[in-house]
Amino acid sequence: MGTLKYHIRRGNTGCCDAMFLILFLILFPVFAAIIMLFMKSERQRSAAVTASVAVIMAVSVLLVIRYGGRGLVLFELGSDIISYSILLAEILLAAGLFCMGVRHKRYLASVLAVIQAVLVLSFEFGIGHGIHAANNLYIDGLSSIMVLIIGIAGSLIIIYAIGYMRDFQHHNPEKEDRRPQFFFLMFVFLSAMFGIVLSNNLTWMLFFWEVTTVCSFLLIGYTKTDEAVNSSFRALTMNLLGGIGFAFAIIIAGNDLGIAEMNRFLDAGLSGASVMLPAGLLVFAGMVKAAQMPFHSWLLGAMVAPTPISALLHSSTMVKAGVFMVIKLSPILGLNSAGMLAMLVGGTTFLLASMAAVSQSNAKRVLAYSTIANLGLIIACAGVGTEEAVWAAIMLTIFHAVTKSLLFLCVGTAEHHIGSRDIEDMDGLFSRMPKLAGMMIIGIAGMFLAPFGMLVAKWTAIASFVNAESIVLIVCVCFGSAVTVFYWGKWLGKMVAVMAGRENTEMTVHRQEWFAIGTFAHLVVALCILFPIMSEHILAPLIGNMFGSVSYMALPSANLYIMSAVMMLMILLPLVFFRGKKVRTGQIYMGGVGTGDNLTFIGSADTEVNISFRNWYMKEWFGEKRAGNTGAVIAASVTVCLLTCSLLVWGGIV
Amino acid sequence: MESVQIISMVCYVISAPLLGLLLAGADRIISARMQRRKGPPILQPYYDVRKLADKERPSAGGVQEFYVLCSLIFMVITGAVFFAGGDLMLAVFMLMLSTVLLLVAAFSSNSPYSQIGAERELYLTMAYEPMVLFTAIGFYVFSGSFRIIDIATGGSMPIVHLFGIFIGFVFILTIKLRKSPFDIGMSHHAHQELVKGISTEFSGKTLAMTEIIHWYENILLLGFIILFFCDGSILGYVIGLAVCISVYVFEILIDNSFARMKWQSALKSAWPVALVFGLGNIIVLFALEA
């Protein structure tokens, strides 16, 4: 790239290095990824991974500290070489996917990959050829927050993966050691995520979007079992469908408005140009990536992958690309077809995915359903498109990323030490792995209880739905929250149960795992304490910039400070209470005479009876099939109706 | 914060347990009279709690006392927020925190009876929560603010516009007050299939604290009822208080005249009630505004 030229459009000279930092963030992980391919020994790899993520973390924090607070800063990085190399990479990706599809006889995936490549090519050499994209890269408040989520949460999960994958290989010795490829894909994925949130050029964004699809596809199929291959192709097919929506949006925007940049697209929408069809298609693409109904099944299937993959791609970052897209578009959403699409599908998904979570006993599936549900809530908020709703959407995104990562990593570690990811098998985890159970309790409480961030954000979401007078969303959020309390509450109950006489088995957890889990747990708590400050100094100006209004405060800050104080009280209470205290423990009541270990009692005919507990799943009410199918039918009909309407309006028929 | 708010808050924190215990005593006497018994003296709940507090405290699992103490602290904070005229949603969420902590205490014992009690209570929470949220939303749509001080001094009685929500709230009050037919998680009486449900493993001081939590909670819940009648005048409070007493007597009557229902019926009745009376009322309010 010797002839690379750049010009600074806005801002001061400092922006030169901003652009270098951005390019570094996109290119360095690719470099690190390639190095991973050559790291064969465990020690070398561990050192290389640690060093690379340290660099990524540091640079992303540096970028955000220096340029996060300046509003929208655009960068012109015009070069035909870059455009053509992206195009070439895109064709290679499509060709690769085509071959994979043919080899596994999944012709639908092949066909979709070809369609998408054809669309992109026809745009580049047709309409797109005449469109000059002035600014290809940018950074603003929202993308800064995403950079932090990717740079910090993503990096921590990769660190965790070092220890986890060692155990994984140990538990599955018959499998070929493909860890070099694993880390290669993880780093490529980070690069693509940075690309999505920092590209202003829509075709660049689509390219990175597709890279995340491909990474996800390859990582879901990591174990190469039949189930993994099936799931990976399901994810691929659905996400390619979303990508085709994206490609059509680019073509229509280019054709109608002569625009290929995100910021100009938003400006056009705000100034009243008719952008509803492309906006609707972009929302559609975002919803597929965020696993909204009826496309939620790919995320459930993706749970077959090793846990760090589930944590990184399927809860804290890749699916966040989907909600990022919808939040990005939120200023032009609201009571129009694209906004209604986001609201109705998001709301339905929140309610029905929460219900489906009740009937699950597999911890990873509970987490998956909860992820789908929360992404739905975020998308619904973004669809409402008011300042307050978007505030809630961004807060939910931040807290969800951190809390869900924590939970996934805890479940992953527990699985390796108790040999199961079933919540029923986590009986007495508090006694077997006290530290891990403690972290898990923080994560679970973080998902649904005051004073944790998720709840405070949900509170704002409720207020914004009421202000928007959206009856459907009010119903979805009220009933959905009630169900949420139930399914987290019963898991929490399993976690806190103290069982006598259990052996401590957490001594063998790897250092890297503790580091990542511990950091996430501290982050969850720290973010809650810092909530009022974050809201005032980061989110308020950010929302102001997005909506071109003055700074905006969603909740009265007194409430936020009360929550923050409650959080501190919650830390303080156990410290004070348990200081130097000894409690005499007694026997529990079991209906018969206990034998002394609190786990068996003398039943009738003098036999010893073991007690064991099972959770409550209510399958006949909240069964997965019932909730999933209902949701899929509603969401699919809403999607088809609203997109058809936009199409008819666009075509001038209505 | 104005001095009135501070006084009201302090009054709650100090007097709620006293009022709560008198209410509990009166409850037992009225129940007894309904069953043609004489009943205990009105201060009996106080004697009970004092006796419990003096007892030695063996604990199942060793952490229950802590969780119950936290539950008590957050219950007091919830009430303080409410009676200081703070945010209604904040109060609702803090109430939930206190409830969940009590359940966590029950879960932590790993005892069959308290586990099942806690799971049932969690299920009841799922049943009543939508109506609680609809109540908060209803007040917000009516007065344009979540702040209780704004609602209470709004100038017109919320009940006129929120009659449906009032009915829905009274319905779930039966669950929240742990009255029959929905006392499936923890009953005031031990002669049921779950022994004492949640509180089976609580003893001594811990059990005494659960009683005090109950007193605080009852007064808070009656505060919600009064809020329906607050129009800024003394008369509003007087009417509110009168309605409060009648609602409570009504709940005792229901308690004494209904057998315990199957667990299924709690959700099957509470959700439709929330939809019809809660949401229906909110839709009417939106329509009136438009």
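A short reminder: the numbers here are calculations on the coordinates, not readings from a lab. Just so it is clear, the structure is predicted and the values come from calculations on it, not from any experiment. Neighbour counts are summed over all protein chains in view; Cβ atoms, including those assigned to glycine, are modelled from backbone coordinates with ideal geometry.
Can you tell me the 0 to 90 degree angle between the C-alpha axis of helix A:557-577 and the longest principal axis of chain A, rounded to 10? Here the helix axis deviates by roughly 30 degrees.
What the Cα convex hull of the range A:232-320 gives, in volume per residue, is 92 Å³. Of the cross-linked pairs A:Lys289/A:Lys404; A:Lys320/A:Lys494; A:Lys494/B:Lys55, those separated by over 27 Å at the C-alpha level are A:Lys320/A:Lys494; A:Lys494/B:Lys55.
Database remark: amide H of A:Asp422 closer than 5 angstrom to the amide H of A:Ala363 (H placed geometrically; neighbours at sequence offset of 5 or more, or on other chains; Pro and chain starts carry no H).
Values of log10 I(q)/I(0) for chain A across q = 0.06, 0.07, 0.10 Å⁻¹ run -0.32, -0.43, -0.89, by the Debye formula with one identical scatterer at each alpha carbon and no solvent. Over all other residues within a Cβ to Cβ distance under 15 Å of A:Met507, the charged ones net out to 0, with Lys and Arg as +1 and Asp and Glu as -1. Rounded to the nearest 500, the helix-only mean residue ellipticity at 222 nm of chain A stands at -23000 deg cm²/dmol, with each DSSP H run of n ≥ 4 adding -39,500 (n - 2.57).
Take each residue in B:111-118, count the other chain C-beta atoms within 10 Å of its C-beta, and the mean is 5. Each part gets one Cα centre, and for the range A:284-357 versus the range A:198-256 those centres are 14 Å apart.
Annotation: peptides A:477-490, A:619-632, ranked by per-residue average of other Cβ atoms within 10 Å with the highest first, follow the order A:477-490, A:619-632.
Here the sum of -39500 (n - 2.57) over DSSP H runs of 4 or more residues, divided by the residues of chain B, equals -24000 deg cm²/dmol at 222 nm, to the nearest 500. Assuming a ≥ b ≥ c are the square roots of the Cα gyration tensor eigenvalues, decide whether the range B:3-289 counts as rounded (a/c under 1.5), prolate (otherwise, with a/b larger than b/c) or oblate. Note, shape of the range B:3-289 comes out prolate.
The angle separating the long axis of helix B:204-227 from the principal Cα axis of greatest extent in chain B is about 20 degrees.
Evaluating 6.51 cos²θ - 1.76 cosθ + 1.60 at θ = phi - 60° for every residue in the range B:170-185, the Karplus couplings come out as 4, 4, 6, 4, 4, 5, 5, 7, 6, 9, 4, x, 10, 8, 7, x Hz, glycine and proline recorded as x. Inter-chain Cβ neighbour count for A:488-494, averaged per residue, equals 6 (cutoff 10 Å, partner chain atoms only). Which of rounded, prolate or oblate describes the range A:360-435 when judged by the alpha-carbon gyration tensor and an a/c cut-off of 1.5? Prolate.
Run the reach check for A:Lys224 against lysines, Cα to Cα strictly under 20 Å, same-chain hits fewer than 8 apart removed. What comes back? The qualifying lysines are A:Lys105, A:Lys175, A:Lys364. Along the range A:401-416 the Karplus relation, 6.51 cos²θ - 1.76 cosθ + 1.60 evaluated at θ = phi - 60°, assigns HN-Hα couplings of 4, 6, 5, 5, 4, 4, 5, 4, 5, 4, 4, x, 5, 4, 4, 5 Hz to successive residues, with x for each Gly and Pro.
For the range A:384-389, putting each phi into the Karplus relation 6.51 cos²θ - 1.76 cosθ + 1.60 with θ = phi - 60° gives couplings of 4, x, 8, 4, 4, 5 Hz, in residue order, rounded to whole numbers and with x for Gly and Pro.
Counting, for every residue in B:265-277, the Cβ atoms of other protein chains within 10 Å of its Cβ and taking the mean gives 1.
Taking a straight line from the alpha carbon of B:Lys262, these aspartates and glutamates sit under 15 Å away, with near neighbours fewer than eight places off in the same chain left out: B:Glu119, B:Glu121, B:Asp183, B:Glu193.
Please give the Cα centre distance for the range A:397-438 versus the range B:109-179, rounded to the nearest Å. Result: 33 Å between the Cα centres. Antiparallel beta bridges, as assigned by DSSP with both residues in the protein assembly as shown, represent about 95 percent of the total such bridges. Principal-axis analysis of the Cα atoms of chain A puts helix A:42-67 at an angle of about 60° to the longest axis.
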